[in-house]
1. When residues of segment 12-32 are filtered for being crowded, with 17+ Cβ neighbours inside 10 Å and either more than 15 Å from Asn116 (Cα to Cα) or of a type in the set (D, E, K, R) (or both), how many remain?
2. Specify the residue that is farthest from Met250 (Cα to Cα); the eligible residues are those in segment 86-108 that are among the aliphatic types (A, V, I, L, M) and surrounded by fewer than 19 Cβ atoms within 10 Å (Cβ to Cβ).
3. Could you list, in sequence order, the residues of segment 261-272 that are crowded, with 16+ Cβ neighbours inside 10 Å and under 16 Å from Arg201 (Cα atoms)?
4. If the requirement is being more than 27 Å from Phe286 (Cβ to Cβ), surrounded by 14 or more Cβ atoms within 10 Å (Cβ to Cβ) and at pLDDT below 90, which of these qualifies: Glu82, Glu52, Glu59?
5. Check whether at least one residue in segment 197-212 is within 17 Å of the chain's Cα centre (by Cα) and open to solvent by 30 Å² or more (accessible area, probe 1.4 Å), and report yes or no.
6. Write out, first by first residue and then by second, each pair whose Cβ atoms fall under 7 Å of each other, whose residues are 6+ apart or on separate chains, and whose first residue, in segment 233-262, is at positive phi and assigned to a loop (DSSP other than H, G, I, E, B) while the second is at pLDDT 95 or above and hydroxyl-bearing (Ser, Thr, Tyr).
7. Checking Lys122 against (1) open to solvent by 30 Å² or more (accessible area, probe 1.4 Å); (2) in contact with a Ser or Thr (Cβ under 9 Å, 6 or more places away or on another chain); (3) modelled with pLDDT of 95 or more, which test does it fail?
8. What strands (runs of 3 or more DSSP E) completely inside segment 110-218 contain at least 1 residues that are without any contact (Cβ under 8 Å) to a residue 60 or more places away in the chain?
Amino acid sequence: MDFITEEQIQKYRQDGYLVLERFFSPEECDALRERMAVIVERMDVPLHCRTEFSTEQEEQLKTQGNADYFMSSGDKVRFFFEKGVFDSQGDFLVPRERSVNKIGHALHASEPVFKNVTHSPKVQELSRKLDFKQPVVVQSMYIFKQPGIGGEVTPHQDATFLYTEPLGRVMGVWIALEDATEENGCLWFIPGSHKTGITRRMVRTPAGTFPRTQFIGSERTYADEKFVMAPVKKGSLILIHGEVVHRSAMNSSNHSRHVYTFHIMESENTRWSAENWLQPTQELPFPSLYT
């Protein structure tokens, strides 16, 4: 069975993104959501979220705790929360399942259900059709886009954060585990914007300094009318070129917009920047997509 046609491949290369409707079954989506519900129920809230801070210096330590937690999350399963979901003692002000913004960045390696989807024969075949020779999985995330509070994601290019030489070697795989609509914050793209390079990078700062990352350059300003909305049904998959400009609005609805997403990189003749926040570790080198 062909999971992608030659016409669709050309559309991806032209637009920088491609929607593949109902790529995964409802049952496959439900299995990911059910496993995530268990993970959330059992999660330990990070210490920096459970500490009360009152002075400016203590607030800085909290910020640094957040940064350290993020910077060391590449080979772990860690929890990142929406704003305002904890009281001063670090206790939940909302149900815990409504508190999480995202979970990352190694679900693909640590959780069998997510690993099976990431390395599924369908995804591997899709990558081969797109001429990936030695693809590796660099990160994975579960994004909740909580009802009413799931925040806006401003226009950006993934290569800003996941930089390679040469460019054009990273692709996002975005799987809708629920319907993604205009109301609950579906993706929007600027077709063809992957052909003009990037103007901003997030890089590591020298060891021992704070903050841990900084931006070099600045994001372009994009006219709203250039964006094309990409609502999709549950089970649909969106391929996202590392340099295509995309965004999503705040979730203004009463329904969540759960997504499992991961990024792959063509490792053949590619250099992963040592300045990227995300780095392979001895415990978790970037695993091959092909098994």
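1. Number of matching residues: 8.
2. Leu93
3. Result: Trp272, single match.
4. Values: Glu52 fails: surrounded by 14 or more Cβ atoms within 10 Å (Cβ to Cβ); Glu59 fails: surrounded by 14 or more Cβ atoms within 10 Å (Cβ to Cβ).
That would be Glu82, the only listed residue that is more than 27 Å from Phe286 (Cβ to Cβ), surrounded by 14 or more Cβ atoms within 10 Å (Cβ to Cβ) and at pLDDT below 90.
5. yes
6. Gly235/Ser25
7. Looking at each condition in turn, Lys122 falls short on (2).
8. Hits in segment 110-218: 200-204, 213-217.
The values are calculated or read from the model by the stated rules, or taken from the named source; none is laboratory data. Quick caveat: nothing in here was measured; it's all calculated off a predicted structure. A quick note on method: Cβ atoms are made from the backbone with ideal geometry, for glycine too, and the neighbour counts reach across all protein chains shown. Note: accessible area is taken over every heavy atom of the protein model, side chains too, but ligands, DNA and RNA are not part of it. Shrake-Rupley method; radii C 1.70, N 1.55, O 1.52, S 1.80 Å.
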